[in-house]
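S.K.: Can you read through this structure? Questions will come right after.
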Amino acid sequence: MPANEVVPYRRPADGIPPLTDSPAALARAASAIEDGTGPVAVDAERASGFRYGQDAYLIQLRRAGAGTILIDPVSAGPLDALAAALDGPEWILHAADQDLPCLADVGLAPREVFDTELAARLLGREHVGLGAVIEETLGLRLAKDHAAADWSTRPLPDSWLVYAALDVEFLTELRDALTSELADEGKLEWAMQEFEAVRTRGPRAPKVDPWRKTPRAGTAVRSQRSLAVLREVWTAREDLAVELDRTPSRVLPHRAVVSAAIACPTSRRKLFALKDFSSRQARQHSEVWWRAVERALSLPDDELPPLRAPLAPGDLPQPRSWARHHPEAAQLLDIVRSCVRAHGERIRVPQELLLAPESQRRLAWDLGHEMARGGHPAIDPDAVSARLEDLDARPWQIEQCADPLSRALRRAV
């Protein structure tokens with residue numbers, strides 16, 4: 001939409017809703033939601049970057065006949081009545097995979113979902129943030145000033161409540177407009193399958209050795225002893241962050257964890273002589289950090305972590321290593337990626353949505369290993385369809401990808 005046709009929209013039409021922050025107010029809110037009609041717009045605000053974990057500190061709801069309701073899950077009491085009221089109507093969310101886990105943690109779960117971000121991605125939109133999608137679709141520019149705020153703050157400022165209310169004010173209108181566009185492009189059924197996949201997706205498997213992912217550690221920490229220091233300081237920081245309910249990087253910066261790992265200081269004095277341990281923040285828990293370093297330095301050699309991270313069960317090696325050790329799979333991965341990318345461009349769907357990158361890698365890996373063992377795997381459309389189904393691809397993805405992949409693989413094999 002042309003910029004001169006976009007209308008600024010800075011405050012909720014009905015004013016700032018009162019905060020639902022007591023059991024009595026929650027009972028009224030649940031009743032209003034239950035008596036409303038149509039889908040329910042849903043959003044949640046967390047304190048990412050401030051608190052440990054991804055707890056919801058504000059829940060926003062809007063339904064025809066009920067208006068906008070802002071719920072403080074910290075002080076409103078048990079949410080059982082609200083959960084019952086929300087158990088039935090369709091939920092409209094933007095980036096549902098971000099909010100559904102923290103809502104499930106407080107007992108709220110939908111039977112049906114419409115994800116406006118996923119809809120925008122299926123439509124080939126370049127910008128898919130809520131503000132951008134509303135602006136392009138409805139011609140309204142929302143106030144979006146507090147996305148990175150600490151939503152555990154109490155009391156919540158009025159300007160933050162305005163932001164929170166606007167996040168759900170137009171989700172129903174946006175859903176209706178995007179539904180029409182999806183239907184016009186023949187993608188509505190694709191969207192329904194994607195929404196259901198998001199709704200029913202289980203929790204992510206825990207990462208193997210998450211401490212190895214500390215920013216800037218990968219190229220800087222090169223010895224097993226240094227890796228042990230990295231692991232012990234990271235783990236100590238994690239434990240302390242849980243205890244303090246603070247995001248780990250605010251307990252001790254990432255650069256300090258890496259600095260200790262590189263230096264492997266052999267005394268308390270040497271540890272706190274490091275520039276990154278000179279701050280008041282680092283010295284506040286000095287004993288914790290020194291004990292962690294001591295543990296790492298005292299480990300026998302046979303208990304040091306390996307230089308390379310172990311693979312989790314079922315995981316594949318990093319594709320960058322395939323060309324040397326698994327050339328057939330590497331060649332096929334290039335073909336699969338190119339095919340999915342080209343077809344995604346033709347139908348205006350991002351390639352990672354058309355077929356998950358993990359499924360692309362697994363398909364190439366399985367075919368490549370069969371070929372490396374002297375086999376001749378079937379790559380006709382039906383065989384490729386069956387493989388994609390085994391990889392949990394959705395029916396629309398199989399329908400779109402099986403024929404192009406079969407043709408591309410037949411030309412190469």
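S.K.: Counting only heavy atoms of protein chains, what accessible area per residue, in Å², does the chain have with a probe of 1.4 Å?
M.R.: Normalised by residue count, the accessible surface of the chain is 50 Å².
S.K.: Whenever you get a sec, compute what percent of the accessible area on region 342-413 sits on carbon and sulfur atoms (1.4 Å probe).
M.R.: Here it works out to 47 percent.
S.K.: Compute the FRET efficiency between Thr37 and Met192 as 1/(1 + (r/R0)^6), taking r as their Cβ-Cβ distance and R0 = 22 Å, and round to the nearest 0.05.
M.R.: Numbers: r = 21 Å, r/R0 = 0.98.
After rounding to 0.05, the efficiency reads 0.55.
S.K.: Taking the Cα centre of each part, how many Å lie between region 23-43 and region 329-392?
M.R.: Result: 45 Å between the Cα centres.
S.K.: Collect residues whose amide H, placed 1.01 Å from N in the peptide plane, falls under 5 Å from the amide H of Glu90; neighbours closer than 5 in sequence don't count.
M.R.: Counting only residues 5 or more places away or on other chains, the set is Val40.
S.K.: Sequence gap at least 6, Cα distance under 8 Å: using those rules, report the relative contact order of the chain to the nearest whole percent.
M.R.: Relative contact order of the chain: 14 percent.
S.K.: Turning to a different aspect of this structure: Tell me the carbon and sulfur percent of the accessible area for region 244-311, rounded to whole percent, probe radius 1.4 Å.
M.R.: The nonpolar share, carbon plus sulfur, comes to 49 percent.
S.K.: Related question: Over region 1-159, what percent of the accessible surface lies on carbon and sulfur atoms, probe 1.4 Å?
M.R.: Carbon-and-sulfur percentage of accessible area, whole number: 50.
S.K.: Okay, next question. Starting from the eigenvalues of the Cα gyration tensor, five times each then square-rooted, give me the equivalent ellipsoid semi-axes of region 111-239, largest first, whole Å.
M.R.: Values: eigenvalues 296, 104, 41 Å².
Taking √(5λ) for each eigenvalue gives 38, 23, 14 Å, largest first.
S.K.: I'd like the accessible area for Asp21, computed on protein heavy atoms only with a 1.4 Å probe and all protein chains in place. Round to 10 Å², please.
M.R.: Approximately 70 Å² for this residue.
S.K.: Another question about this same structure. Keeping all protein chains in position, work out how much accessible area His146 exposes to a 1.4 Å probe, and write it in Å² to the nearest 10.
M.R.: Spelled out: His146, probe radius 1.4 Å, area about 40 Å².
S.K.: Tell me what the chain gives for mean residue ellipticity at 222 nm when only DSSP H runs of n ≥ 4 count, each as -39,500 (n - 2.57), the sum divided by the residue total, rounded to 500 deg cm²/dmol.
M.R.: Details: 21 runs with 220 residues, N = 413.
Helix-only estimate at 222 nm: -16000 deg cm²/dmol.
S.K.: While we're on this one: So what J values fall out for region 226-237 if you push phi through Karplus, 6.51 cos²θ - 1.76 cosθ + 1.60 with θ = phi - 60°, rounded to Hz, Gly and Pro as x?
M.R.: For region 226-237, the Karplus-derived couplings read 5, 5, 5, 5, 4, 4, 5, 5, 4, 5, 4, 5 Hz, x marking Gly and Pro.
S.K.: Please report the equivalent ellipsoid semi-axes of the chain, computed as sqrt(5 x eigenvalue) of the Cα gyration tensor, largest first, in whole Å.
M.R.: Equivalent ellipsoid semi-axes, largest first: 40, 37, 18 Å.
S.K.: Moving on. In Å, what is the Rg of the alpha-carbon atoms in region 1-49, and how long is Dmax?
M.R.: For region 1-49, the Cα-based Rg and Dmax read 16.0, 46 Å.
S.K.: Glu5: accessible area at probe 1.4 Å, nearest 10 Å²?
M.R.: 110 Å²
S.K.: For Lys187, Lys275, Lys213, give the ranking by accessible area with the largest first, probe 1.4 Å.
M.R.: Final ranking, largest accessible area leading: Lys275, Lys213, Lys187.
The values are calculated or read from the model by the stated rules, or taken from the named source; none is laboratory data. The model shown is predicted, which means the values in this text are computed figures rather than measured ones. Cβ: placed from backbone, ideal geometry, glycine included. Neighbour counts: every protein chain shown. Quick note on the areas: whole protein, heavy atoms, side chains included, nothing else; ligands and nucleic acids left out. Shrake-Rupley method; radii C 1.70, N 1.55, O 1.52, S 1.80 Å.
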